[in-house]
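The values are calculated or read from the model by the stated rules, or taken from the named source; none is laboratory data. Everything numeric here is computed off the predicted structure, so don't read it as measured data. Positions of Cβ are generated from backbone atoms using ideal geometry, with glycine treated the same way; all protein chains shown enter the neighbour counts. The area values use the complete protein model at the heavy-atom level, side chains included, leaving out ligands, DNA and RNA. Shrake-Rupley method; radii C 1.70, N 1.55, O 1.52, S 1.80 Å.
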Amino acid sequence: MKKYQYYLCMAALATCLSCEKAVLPESEESGNDGTPVFRIHVECLEQTGFESRAVGKLEDYCSKMTFVLYDQTGEKVVSLHQDSSEASFGSVSMNVPYGEYHLLVIGHQGEKNCTVKADGGVTFDRASDVTDTFWYYGNVQFTESSSDLSVTLKRVVAKMELTCLDPLPSNVKKVSLKYSQATGTLDLQTGYGKTRATITKDFEITDVMTGQPQTFAFFIFPQEDEVMLNVIFKAYDGNGTEVGGKELKDVPMRRNTITRYQGEIFGRSVGMRAMIEADWQTIDYKP
């Protein structure tokens, strides 16, 4: 059956993973009931403005992948989840009738599969569990002359890294990052954040981590290209008593961008130093 590639990788505009030959699940031209087979393959991951690697496989960037096919009325036709351990990771075959569909593909680094809800939101186990995430949504046509489709996924997260330049005191047992006006829910059609909420991400501190600087990070789905967050860092001892903290106001977060803050949390210095990682996009910001 003649192959046709709907979507090409924008190599001049984005850095993509090196794309290996697709390993498709074994299937004939039609299913057991005579239904034709629609094959979908993730061609590469768009990394515009994001740190890139010279060589990498899809599973180096994504541990889970979800494919959802909708009909023209918005009804879900097929939903498939994949794990990076599968030989066909990034490629699926669907037995569906010829026609026009909407296709959603989500790739991410989470431990569990994402959940695609009826209201158009894509969520994870908890809002604080958002990881590096790639997305595709678009109209696709499945005909006799176009049974194979290649798609490019776009990175849709913003990341913040907060580094304590001073060593963590030995009595610190938990660190908490609380960030407002954020979201862990992705709008499946737009690729932007769907809601606004205050999210808390906790980090358990081990004995190995104390006595040296540490970096704590979180991901969000921005509701637009750039959003401003308020971020509160707090450290607690084994009894749950607060033993240190900082508040950062109007922190800029951009899609495909890491916002980095560095400063002393437990020392006497006032304020923190902020920067944007140059390998992503560059912003100069001072709190």
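What number comes out for accessible area per residue over the stretch 148-261 if the probe is 1.4 Å? Units Å², please. Write out the running numbers ahead of the final one.
Numbers: 4600 Å² over 114 residues.
Per residue, the stretch 148-261 has 40 Å² of solvent-accessible surface.
How would K154, K64, K249, K76 rank on accessible area, largest to smallest, probe 1.4 Å? Spell out each step's value before the answer.
Details: K154 65, K64 30, K249 125, K76 105 Å².
Largest accessible area first, the residues go K249, K76, K154, K64.
Give the ranking of H81, H102, H108 by solvent-accessible surface, highest area first, calculated with a 1.4 Å probe. If you can, show how the numbers build up before the last one.
Details: H81 85, H102 35, H108 0 Å².
Listed by decreasing accessible area, they come as H81, H102, H108.
Applying 1/(1 + (r/R0)^6) with R0 = 41 Å to the Cβ-Cβ distance of T210 and T115, what FRET efficiency is obtained, to the nearest 0.05?
0.70
With a 1.4 Å probe and all protein chains kept in place, how much accessible area does F89 have, in Å² rounded to the nearest 10?
Number for this one is 20 Å².
Over all alpha-carbon pairs of the stretch 99-193, lay out the pair-distance distribution in 10 Å bins, whole %, shortest bin first.
12, 36, 26, 15, 7, 3, 1
For R155, list long-range residues whose amide hydrogen, built 1.01 Å from N in the peptide plane, is under 5 Å from its own amide hydrogen.
E46, T48, W135
Within the set of other residues whose C-beta is less than 14 Å from the C-beta of L168, count the net charge using Lys and Arg as +1 and Asp and Glu as -1.
Numbers: positive: K173, K174, K234, K246; negative: D166, E204, D207, D237, E264.
Charge balance near L168 sits at -1.
Which far-off residues, 5 or more places away or on another chain, put their amide H under 5 Å from the one on G244, with H placed in the peptide plane?
The answer is A235.
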